[in-house]
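See below for the structure under consideration.
What follows draws every value from the coordinates through simple rules; no lab data is involved. Remember, predicted model here, so these are calculated numbers, not experimental data. Cβ sites come from the backbone with ideal geometry, for glycine too, and all protein chains shown count toward neighbours.
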Amino acid sequence: MAGGRTKKGTTIGETDNLGYNVAKDKVEIHDLHATMLHLLGIDHERLIYKSKGRDFRLTDVAGNVVQAALA
C-alpha cells in the first residue's frame, strides 16, 4: 500500500507481548481488502463477481475502510 495515498510511517493495531493475539485496533482481512479497493477508486460494496452461479463480494458482508490508514 506504499504510495497509495496512505499515511507514511503509520502503524495500526497492537499485539500482545508474544505477538500472537491482537491487543488493540484489530483489522480483519475484509477491512484490508475494502481499504485497498477504496484506494484504487473501487466501491467494495458494489464489486460483485459470480462463482458457481452465485454473486459474491470480495469483502463478503463485512469490511470497512480503515480511515486511520488514509492520508
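Restricting the stretch 17-46 to residues that are aliphatic (A, V, I, L, M) and more than 14 Å from the chain's Cα centre (by Cα), the residue that is farthest from Arg5 (Cα to Cα) is Leu18.
Of all the criteria given as (1) charged (D, E, K, R); (2) on the phi < 0 side of the Ramachandran plot; (3) free of Cβ contacts under 8 Å to residues at least 40 places away in the same chain, the one not satisfied by Lys52 is (2).
When Thr10, Thr15, Thr35 are screened for being among the hydroxyl-bearing types (Ser, Thr, Tyr) and surrounded by 13 or more Cβ atoms within 10 Å (Cβ to Cβ), only Thr35 passes.
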